[in-house]
1. Across region 110-143, what is the total count of residues that are of a type in the set (Asp, Glu), open to solvent by 10 Å² or more (accessible area, probe 1.4 Å) and under 18 Å from Ala13 (Cα atoms)?
2. State all residues of region 208-233 that are more than 19 Å from Ile14 (Cβ to Cβ) and among the polar types (S, T, N, Q); if no residue qualifies, say none.
3. Could you list, in sequence order, all residues of region 200-221 that are crowded, with 17+ Cβ neighbours inside 10 Å, under 19 Å from Phe141 (Cβ atoms) and under 24 Å from the mean Cα position of the chain (by Cα)?
4. Looking only at helices (runs of 4 or more DSSP H) that lie completely in region 138-257, which have at least 2 residues being over 23 Å from Arg25 (Cβ atoms)?
5. List every residue pair whose Cβ atoms sit under 9 Å apart, with the two residues 6 or more apart in sequence or on different chains, where the first one lies in region 33-47 and is free of Cβ contacts under 8 Å to residues at least 60 places away in the same chain and open to solvent by 10 Å² or more (accessible area, probe 1.4 Å) and the second, anywhere, is of a type outside the set (S, T, N, Q) and not in a helix (DSSP H, G or I).
6. Among the residues of region 196-210, are any out of contact with any Gly (no Cβ under 6 Å at 6 or more places or on another chain), among the small types (Gly, Ala, Ser) and closer than 20 Å to Gly43 by Cα?
7. Give region 92-109 a look and list any residue that's part of a helix (DSSP H, G or I) and open to solvent by less than 70 Å² (accessible area, probe 1.4 Å), or say none.
Amino acid sequence: MYMAIFQALLSAAILGLLYYRMIKRETPSPISWLQALLPMGLGMASLSVSFYVLVGLAAFIGWLGFKAGDVSAFVRSMYLAFMMAGGPEELTKFAAMAISIFLFRKKIRNVYEYILIGAAVGIGFTLPEEFLYGDAETQAFWIRMLTIAGHMVYGILMAKHLGIAKYNKINGKPRFMQYVLAFVVPMFLHTLYDACTGNNLMMLSDNSAESDAGIILGLVATGVHFVGQFIILYFVKKNTEKYCSMNILIEPSTQTE
């Protein structure tokens, strides 16, 4: 229990600092604390909902009659990772974002505020998850800390494309691809990472060569994920002014290119 509490509190401190810095960078003024924290609460609630979505998704796939079949261990790992994490978790986080966007629809001023909602929902999802894994996976503590911003980053990517889609709609620009990217990018990255790590069936192979390859794949994926988090957060920081200028409250005729 103590390890679970410590892991959750450490996660909250790291992610909270990152989120606070993101909020303070918004121009001309930051969002309200209600707009900052409510999506985080919805993100926390979405973790519980994701378990029901997992069951429903598994039942639906079973009804379709789809099975992984006689394929490679990596393909089966991708299938398992999608069913266990990439699919249900990203769908429930999207639902939390959609509710947040609806509740603050008259207050959201720009694409950057969409990004803040995505970050908050991702953080909210992470905190109870880290508490649950705190005791169960003590040996994986440092690996989880290395990739602690994963859900936050996936949420940022999803919300960014949703925000751009809204901006494009207001300005009469194509938006379909933005909706596609909002789902495909975070869902694929999440599934791929989990297939290389927690749901990597190659590691369990009786074939020592395949097992070793699975371990190496997991280490490489963890390293790439660790670096990738900072790259995405850096580009969000670098483009903050641009996203803040993408106003979604004013009439199209007053928008500037």
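The values are calculated or read from the model by the stated rules, or taken from the named source; none is laboratory data. As the structure is a prediction and not an experimental result, all values here were calculated from the model. Quick reminder, even Gly has a Cβ in these numbers, built from the backbone with ideal geometry, and neighbours come from all protein chains shown. Side chains included, ligands, DNA and RNA excluded: accessible areas come from the protein's heavy atoms. Shrake-Rupley method; radii C 1.70, N 1.55, O 1.52, S 1.80 Å.
1. 1
2. First, pick out the residues of region 208-233 that are more than 19 Å from Ile14 (Cβ to Cβ): 208-221, 224.
Once the filter is applied, which keeps residues that are more than 19 Å from Ile14 (Cβ to Cβ) and among the polar types (S, T, N, Q), region 208-233 yields Ser208, Ser211.
3. Asn200, Gly218, Ala221
4. Values: elements: 141-146, 150-170, 176-196, 208-238, 240-245.
Qualifying helices (runs of 4 or more DSSP H): 141-146, 150-170, 176-196, 208-238.
5. From residues that are free of Cβ contacts under 8 Å to residues at least 60 places away in the same chain and open to solvent by 10 Å² or more (accessible area, probe 1.4 Å), the pairs are Leu34/Phe104.
6. First pass over region 196-210, keeping only residues out of contact with any Gly (no Cβ under 6 Å at 6 or more places or on another chain): 198-199, 201, 204-210.
From the residues that got through so far, the ones that are among the small types (Gly, Ala, Ser) too are 198, 205, 208-209.
From what's left, closer than 20 Å to Gly43 by Cα: none.
No - not one qualifying residue is present in region 196-210.
7. We begin by selecting, within region 92-109, every residue part of a helix (DSSP H, G or I); these are 92-103.
Once the filter is applied, which keeps residues that are part of a helix (DSSP H, G or I) and open to solvent by less than 70 Å² (accessible area, probe 1.4 Å), region 92-109 yields Thr92, Lys93, Phe94, Ala95, Ala96, Met97, Ala98, Ser100, Ile101.
Residue by residue, here is whether (1) on the phi < 0 side of the Ramachandran plot; (2) at pLDDT 95 or above; (3) among the acidic types (Asp, Glu) holds:
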site	(1), (2), (3)
Tyr19	yes, yes, no
Lys24	yes, yes, no
Ala36	yes, yes, no
Leu42	yes, yes, no
Leu57	yes, no, no
Arg76	yes, no, no
Met84	yes, no, no
Pro88	yes, yes, no
Glu113	yes, yes, yes
